[in-house]
Amino acid sequence: MPDAVGYDVQLDTITSGYDKKTCWVQARGGTVPGAGRGGGPAVVVTMQKLLLSGSDVFYALNEMRTDDMGETWSGPVEHAALGRRAEPGGVEAVICDATPMWHAVSATLLSTGHVARYVGDALMPDPRPRQPAYTVYDERARSWAEWDTVELPDEDWYFSAGSGSGQRVDLPNGDILLPIYHHADTDNSWTTCYYATVARCSFDGVRLEFIEAGDHLSVPEPRGLCEPSLTFFRGRYYMTLRNDVRGYVAAGDDGLHFGEPVPWRFDDGEELGNYNTQQHWVTHTGALYLVYTRRGLDNDHVFRHRAPLVMGQVDPDRLCVIRETERIIVPQRGARLGNFAMTTVNESESWVIAAEWMQPAGCERYGSDNSVYAARILWHEPNLIQREGPRVG
């Protein structure tokens, strides 16, 4: 079995409460080194309101921030630059599913996601185009730039393309390996086959521009592969992938080309039980971990078993989760927790940020109240993952 790294978990509640009409979702944090009190890190969390009477109906991104390692939080503050925009035909577009991460070469906090489009407060009917979207944080002004989109080379092949809910890897030269998923404009049904790929992009602190794409991965199961997340660990790249039936994982040597995706399993061969939702990496110098949701945790009452959040160590050679290492890091209270993210705060802590998504109606009877959590992973050994080489979230 691979060497493990010990850790404790401290669960903090950043905010809680809701009006039963909307709720906070897509809570994800990014770390700004040296910007906090006493020269420590600041953590900036973005999240957006969801209309509870609709399906994936999002509004402007808001920000919360801590400069003292979570002792106090400011916000939420709405940023007009991250709100909806009018487009022809009565369509409104907004950046969503965004994940902020520090870009060391340009010394900027860059958040990547994708564009959702609405007519009124309902998703725009198909065919509905989508693009990867991004925004840059101005640390001095504590404001976000107007969100922009990444221009992809083939409008048909990438008709619906997004980088939402993913983890990227930044290369030493400043280039970004941005995982995206897409489908062509000829397939807009519920059984759309998505392809996951990694787009290598340049970033100068202002503009994010496409350079090339790697392998396009899919599987012959409903909706293919989507919401990919990428990490780098001990010389190899690992990508975890969402599928309607089961989660998948693939590995490769250069971040663009990967072996065949295989279903996530425990080390005893049993399938992990994750399905139709994302998984993300927590990467330490000494060990690789996966955070996920799954069946079988007394959670049949939770939508798609998307709570609790559990963390388990990955065997990178066998591409499996070591069952005996599995640990709950955010408990379930009826609401789903599946849209989450992590950030490496410093060498001692990595934080998993998650919000209780208050759908379907009635999930609050199990105790949920739209709490936004920071599950702080307190490492027993220093995490040197950001010191050199490709940088991960």
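If I model a spin label as a point 7 Å beyond the Cα along the Cα-Cβ vector, how far apart are those points for Arg327 and Thr149 in nm?
Going by the 7 Å Cα→Cβ label model, 4.3 nm.
With unit charges on the beta carbon (Lys/Arg positive, Asp/Glu negative), name the residue among Thr285, Pro331, Leu110 whose Cα is farthest towards the positive pole of the charge dipole of the chain.
Pro331
Tally Lys and Arg at +1 and Asp and Glu at -1 over the other residues with C-beta under 11 Å from the C-beta of Arg37: what net charge comes out? Mind dumping the intermediate values first?
Working: positive: none; negative: Asp67, Asp68, Glu71.
Result for the local shell: -3.
Run the numbers for Asp298 and Arg387: contour at 0.36 nm per residue of separation, minus the present Cα-Cα distance, in nm. Let's see the in-between values first.
Working: separation 89, 0.36 × 89 = 32.04 nm, distance 4.01 nm.
Using 0.36 nm per residue and subtracting the Cα-Cα distance, I get 28.0 nm.
Would you grab the residues whose amide H sits under 5 Å from the one on Tyr7? Only those 5+ places off in sequence or on another chain, please, with H modelled 1.01 Å from N.
So Tyr7 has HN proximity to His380.
Could you derive backbone 3J(HN,Hα) for the stretch 358-366 from the dihedral phi with the Karplus parameters 6.51, -1.76 and 1.60 (θ = phi - 60°), listing whole Hz in sequence and x where the residue is Gly or Pro?
8, 10, x, 4, x, 5, 5, 5, 8
Can you give the extra length, in nm with one decimal, that the chain gains between Glu221 and Ala104 once fully stretched, where that is 0.36 nm per residue apart less the Cα-Cα distance?
Numbers: separation 117, 0.36 × 117 = 42.12 nm, distance 3.81 nm.
The Glu221-Ala104 span can extend by a further 38.3 nm.
Using θ = phi - 60° and the Karplus relation 6.51 cos²θ - 1.76 cosθ + 1.60, list the HN-Hα couplings for the stretch 65-77 in order, rounded to whole Hz, with x at every Gly or Pro.
Once θ is set to phi - 60°, the couplings for the stretch 65-77 become 8, 10, 10, 9, 6, x, 5, 9, 10, 9, x, x, 10 Hz.
Assuming a ≥ b ≥ c are the square roots of the Cα gyration tensor eigenvalues, decide whether the stretch 155-265 counts as rounded (a/c under 1.5), prolate (otherwise, with a/b larger than b/c) or oblate.
Details: a/c = 2.27, a/b = 1.24, b/c = 1.83.
Verdict is oblate for the stretch 155-265.
Between the stretch 152-220 and the stretch 29-94, what is the separation of their alpha carbon centroids in Å?
23
Report, in whole Å, the centroid distance computed from the Cα atoms of the stretch 287-357 and the stretch 117-141.
Computed from Cα coordinates, the inter-centre distance equals 27 Å.
Under 1.5 on a/c is rounded, so check that first for the stretch 245-393, then, if it is not, pick prolate when a/b is larger than b/c and oblate when it is not; a ≥ b ≥ c are the square roots of the alpha carbon gyration tensor eigenvalues.
In terms of gyration-tensor shape, oblate.
Run the numbers for Asp121 and Thr13: contour at 0.36 nm per residue of separation, minus the present Cα-Cα distance, in nm.
Working: separation 108, 0.36 × 108 = 38.88 nm, distance 2.97 nm.
Extra length from Asp121 to Thr13 when fully extended: 35.9 nm.
Where does the charge balance sit around Arg336 when Lys and Arg score +1, Asp and Glu -1, over other residues with C-beta under 11 Å from its C-beta?
Working: positive: Arg304, Arg306, Arg333; negative: Glu356.
Around Arg336, the surrounding residues sum to +2.
Once Lys and Arg get +1 and Asp and Glu get -1 on their Cβ, which of Gly54, Ala98, Thr72 lies farthest toward the positive end of the dipole of the stretch 10-120?
Gly54
Counting other C-beta atoms within 10 Å, and keeping those with at most 16, which DSSP coil GluC sites (Glu not before Pro) do you find in the stretch 317-364? Could you put the intermediate results ahead of the total?
Working: sites: Glu324, Glu326, Glu347, Glu349, Glu356, Glu364; in loops: Glu326, Glu347, Glu356.
Within the stretch 317-364, the qualifying GluC sites (Glu not before Pro) (loop, at most 16 other Cβ atoms within 10 Å) are Glu347.
Roughly how many debye, to the nearest 20, is the charge dipole of the chain about its Cα centre, given +1 on each Lys and Arg Cβ, -1 on each Asp and Glu Cβ, and no other charges? The partial results should precede the final answer.
Working: 35 positive and 54 negative charges, 169 e Å.
Using only the charged Cβ atoms, the result is roughly 820 debye.
Could you work out the local net charge near Gly166, counting Lys and Arg as +1, Asp and Glu as -1, over the other residues with Cβ closer than 11 Å to its Cβ? Show your work: numbers first, answer last.
Working: positive: Arg28, Arg168, Arg242; negative: Asp97, Glu227.
Net of charged neighbours comes to +1.
If you filter the stretch 16-94 for trypsin sites (Lys or Arg not before Pro), then keep DSSP loop positions with at most 15 other Cβ within 10 Å, what is left?
Lys20, Lys21
Every read-out reported here was derived from the displayed coordinates using simple, explicitly stated rules and does not represent laboratory data. Note that the structure is predicted; figures quoted are calculated from it, not measured. Backbone-built Cβ (ideal geometry, glycine too); neighbour counts: all protein chains shown.
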